[in-house]
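The values are calculated or read from the model by the stated rules, or taken from the named source; none is laboratory data. Quick caveat: nothing in here was measured; it's all calculated off a predicted structure. For neighbour counting, all protein chains shown are included, and Cβ atoms are generated from backbone atoms with ideal geometry for every residue, glycine included.
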Amino acid sequence: MTDTAERKPESLDRLVIRFAGDSGDGMQLTGDRFTSASALFGNDLATLPEFPAEIRAPAGTLAGVSAFQVHISDHRINTPGDAPNVLVAMNPAALKAELRGLEDGGTVIVNVDTFDERNLTKAGYTDNPLTDGSLDAYSVYEVPMTSLTKEAVIPAGVKPRDADRSKNFFALGLVTWMYTRPIDATLAWIEEKFGKNPMVHQANVLAFKAGHAFGETAELFDHTYQVAPAPQEPGTYTNISGNMALSWGLIAASQLAKLPLFLGSYPITPASDILHELSKHKNFGVRTLQAEDEIAGIGAALGAAFGGHIGITTTSGPGVALKSETMGLAISLELPLVIVDIQRGGPSTGLPTKTEAADLLLAMYGRHGESPLPIIAASTPSDCFEVAIEAVRIALEYRTPVILLSDGYLANGTEPWKLPDVDSLRPIEVEFATAPNHTSASGDPEYWPYVRDPETFARSWALPGTDGLMHRIGGIEKQEGSGNISYDPANHGEMVAVRAAKVAAVAKSIPPVEVTGDADADLLVLGWGSTWGAIATAVDRARAEGDRVAQLHLRHLNPFPPNLGEVLGRYRKVLVPEMNLGQLSRMIRAEFLVDARSVNKVEGTPFTAAELHAAITGALHD
Amino acid sequence: MTDVAPTTRKDWQTDQEVRWCPGCGDYSILTAVQMLMPELDVRREDTVFVSGIGCAARFPYYMNTYGMHTIHGRAPAIATGLALARPDLDVWVVGGDGDLLSIGGNHLIHALRRNVNLTILLFNNQIYGLTKGQYSPTSERGKVTKSTPFGSLDQPFNPIALALGAQATFVARTHDMDRQHMQETFRRAHAHKGAAVVEIYQNCNVFNDGAFATITGKANRESMLIPLEHGQPVRFGPEGSKGVVIDDSGQARIVEVDDVDESEIVTHDEQAPTAALAFMLSQLASSPEEPTPVGVFRAVERDEYGEAVERQIAGAQDQRGPGDLSALLRSGATWDVV
């Protein structure tokens, strides 16, 4: 026995760990548990899960590597970290695929049991990297995780084949010890998750404890590390992913509007978790329909909206393409509807599990005819909650379909979220027509569905079942006011104009944008969506070096906030980082004649702060 | 039901000019529906007609109810959402053979297998009318149209067989030349709990005139239409001289009743445990040139989808109480910072 456990842990202000293994190794779960323990401990954190599209790609190959990166700190952070400090590699393929990103001199913990000739060959190694000196620049810890796990779980009575499956808990136990994470929450979670199967439960507990004990007793590690809690505002916190926050935001919106929620959806990565989550909450009166296809998903949501429910459909890019005709119908019917697009790599099937933000122009222009609709985007996982409420608010108040853009990075990434006081959330007011609103030529009261509110241009909305207000609406152009079919040229021009004016009028309900950073900045970094964290970090670094830089991040992309043009005019240079080839920058240039410069990355992974810092420095000093 | 104020046919009509071609079969279907509605003890306010695109899909504009004229093929999906959101409403779907069997075929079969509470009127004229005369998924093979100058190569759908295959709980056929038969069929379809589909042979006098004349013409009906009546032997023709038997290979066949033992004539059972009999009957005519069964092929009870949805919601509320947003936000692991 050594005395390492007695030594005081070394303090770190931040730590980035990347867990990597085969798709079947349970690395997402390991990362998720490490994250949860750190959140409960009080660290600030951000996560980046990355996994292949295949459920089980061939074992041991580079294609099958699944990774989870978590950044924990004792101060406020905005990103999952640029270069990991620690890589946990469960097999040679994970080492080969992930070593590239590790910081110079970083720590590598490998499951040495898997470094046999067969696995090395599968990973494309001709020599064993553990012995050929190629890892000399790193601190390498070789841990026989498979064999130690198998030995540890013998008392549980599991078959040797199944024993191997607990090795992710061994790895979790080891890093839990190394970074002095609390163990109670993890043990409680194992109990909750596996309690129904005592043998598996016991095996996972034994593996976790064995990993923890190994750290403590093996002479491999000379001391542990500590990352202190980050100062946080008082309140109750939870660790939240974007898709979870978005689901809860939709439920909150339903409560705030006092209207039931109806989700019509078809499974698609990375949006399916919203369907899963909402389907659990039927006691909130939530109806979920797993439709026969994407088109039926939005169709059913639109039918429900006609009936007075909050119609929602959730999807990703390919599904948005399929839904576009129904969005056009919703624009013509002027009914509320929210289309949630969790963007992923495209075109076509593209990179289903990788992030991208290249659907902005699809959202803007991806329908035939003049068919504008409001577009809003979330910037962090927890922001998805507020943005979901905002999307429902706009849809209901303006009787319009709204596209909500998130992406795979926000959807699966997590961060600590200070829970809002639900009583402080602003109610959403919706007024339904209850009486005739027009007098016919013969002097009889009648109901006209296309009579508008003079402020919002929202049309009157009468629900089926309302006495005396029977009316028909359809996709054929209609007479303004009466809603009857009209092929009159002047009326069509008027309807096109009023639909555009209605969407433009949404701007009046949007708060003016606020810029952060230097008031007299030479450069404004303008962003939207999940780039917020990397931009904020990069701007902080540039300012720390003495550069004068400001940041502006847009939630509302159509219409833009009312003061955006004026704000953009204050800066000599405007830089627009996007995970596409320059879609917002194109809109900004067209709308405001601003010489917005585009910074692009379309590689299926988010920007790092370092990349954006370099872009800022380059733009300032070119 | 007695709390519904009485209405007349006129109450169900709108002030909109009906814009079908003069002589179109759609007029008689509209009349049949408008005359039937006052007899159904339903309120106009609680009735919604949902349609897709096509000539038939203009139907909602002519009914003084709530209505949605939507996009091509999607009416069953849109109506599904409406019916699930508002189980208090009476939701009808109206569409043609192109709308419901071609572009919307997927939505139709899924609405049927789910057994959503919809009354679906499928106007089958075996042609595309609104786009001016292309062949449809029910057009006969060899059909010469603008898009098939050398004759169509497609095997047509048999809508009755398709609906039975999709596990529909109510499947019937009627035609536009017999208002009484239409009304009785629609009445039963409307009374059915779950998805009811009625195929209506409908004449398009501009692009496919006389497609059903061989069987629906007044002089031909007796010998060419086979009325299906639950619990009755399947017989037709002058004085019931013809009948349907199921032969040893499991095929329905038309015979002269005099040529067989009367006990061999099959008795119609619309509630049979399987759709086998209804399917065999659906195969009697390969085109409306041959004796064709009309009436209710199948009418069985199965859990209605909307009711099942409501039961799940009520069950969840019983078990967990009404939703508590604050508790939901705290349902994961939380920690307090003071």
State the number of residues belonging to segment A:44-59 that are in contact with a Pro (Cβ under 7 Å, 6 or more places away or on another chain) and modelled with pLDDT under 90. 1
For segment A:225-248, state whether one or more residues are touching a Leu at 6+ places or on another chain (Cβ under 6 Å), modelled with pLDDT of 95 or more and over 28 Å from A:P416 (Cα atoms). no
Count of residues meeting criterion [under 16 Å from A:L405 (Cα atoms) and touching a helix residue (DSSP H, G or I) at 6+ places or on another chain (Cβ under 8 Å)] in segment A:323-344: 10
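Against the condition surrounded by 22 or more Cβ atoms within 10 Å (Cβ to Cβ) and outside the structural domain of A:A39 (by TED's automatic domain parsing), how does A:A296 come out, does it pass? Before the answer, list the steps.
Numbers: surrounded by 22 or more Cβ atoms within 10 Å (Cβ to Cβ): yes; outside the structural domain of A:A39 (by TED's automatic domain parsing): yes.
When the stated conditions are applied, A:A296 passes them.
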Out of all the residues in segment B:77-124, which are among the charged types (D, E, K, R) and more than 11 Å from chain A (Cβ to nearest Cβ)? B:D97, B:D99
If you go through segment B:299-312 one residue at a time, do you hit one that is within 22 Å of B:D178 (Cα to Cα) and either aromatic (F, W, Y) or away from every other protein chain (no Cβ under 14 Å) (or both)? yes
Would you be able to tell me the number of residues in segment A:413-437 that are facing chain B (nearest Cβ under 10 Å), touching a residue at least 24 places away in the same chain (Cβ under 8 Å) and assigned to a loop (DSSP other than H, G, I, E, B)? 3
Restricted to segment A:471-494, and to residues that are touching a Gly at 6+ places or on another chain (Cβ under 8 Å) and without any contact (Cβ under 8 Å) to a residue 40 or more places away in the chain, which residue is surrounded by the fewest Cβ atoms within 10 Å (Cβ to Cβ)? A:I485
For segment B:43-56, indicate whether the set of residues that are surrounded by fewer than 16 Cβ atoms within 10 Å (Cβ to Cβ), in contact (Cβ under 8 Å) with a residue 40 or more places away in the chain and over 23 Å from B:I103 (Cβ atoms) is non-empty. no
Within segment B:254-270, can you find the residues that are within 18 Å of B:V294 (Cα to Cα) and free of Cβ contacts under 8 Å to residues at least 24 places away in the same chain? B:V255
Which one is farthest from the other protein chains (Cβ to nearest Cβ) among residues in segment A:446-470 that are in contact (Cβ under 8 Å) with a residue 12 or more places away in the chain and not in a loop (DSSP other than H, G, I, E, B)? A:R452
Reported set for segment A:579-622 where residues are touching a Pro at 6+ places or on another chain (Cβ under 9 Å) and within 22 Å of A:P49 (Cβ to Cβ) is A:M579, A:K601, A:P606, A:F607, A:E611, A:L612
Taking A:D341 as meeting all but one of (1) surrounded by fewer than 24 Cβ atoms within 10 Å (Cβ to Cβ); (2) assigned to a strand (DSSP E or B), write down the number of the exception. (1)
Under 8 Å between Cβ atoms, at least 6 apart or on separate chains: pull out the pairs that start in segment A:264-293 with a residue that is more than 9 Å from chain B (Cβ to nearest Cβ) and end on any residue that is assigned to a loop (DSSP other than H, G, I, E, B) and among the charged types (D, E, K, R). A:Y266/A:E292; A:Y266/A:D293; A:T269/A:R344; A:P270/A:R344
Within segment B:50-76, take every residue that is aromatic (F, W, Y) and within 8 Å of another protein chain (Cβ to nearest Cβ) and give me the one that is farthest from A:G307 (Cα to Cα). B:Y61
Taking helices (runs of 4 or more DSSP H) that do not extend beyond segment A:507-622, which have at least 3 residues that are under 20 Å from the mean Cα position of the chain (by Cα)? A:532-544
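Could you list all residues from segment A:192-241 that are in a helix (DSSP H, G or I) and within 14 Å of another protein chain (Cβ to nearest Cβ)?
A:E192, A:K193
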Test B:D97 against the stated conditions and say whether it is among the acidic types (D, E) and surrounded by 24 or more Cβ atoms within 10 Å (Cβ to Cβ). yes
Out of all the residues in segment A:357-374, which are buried (at least 24 other Cβ atoms within 10 Å of the Cβ) and either closer than 15 Å to A:G582 by Cβ or in contact with a helix residue (DSSP H, G or I) (Cβ under 7 Å, 6 or more places away or on another chain) (or both)? A:A357, A:D359, A:L360, A:L373, A:P374
Would it be correct to say that A:I331 is modelled with pLDDT of 95 or more, touching a Leu at 6+ places or on another chain (Cβ under 8 Å), surrounded by fewer than 24 Cβ atoms within 10 Å (Cβ to Cβ) and in the same structural domain as A:M244 (by TED's automatic domain parsing)? yes
Subset of segment A:14-57, residues crowded, with 24+ Cβ neighbours inside 10 Å, of a type in the set (V, I, T) and more than 18 Å from A:L95 (Cα to Cα), comes to A:T35, A:T47
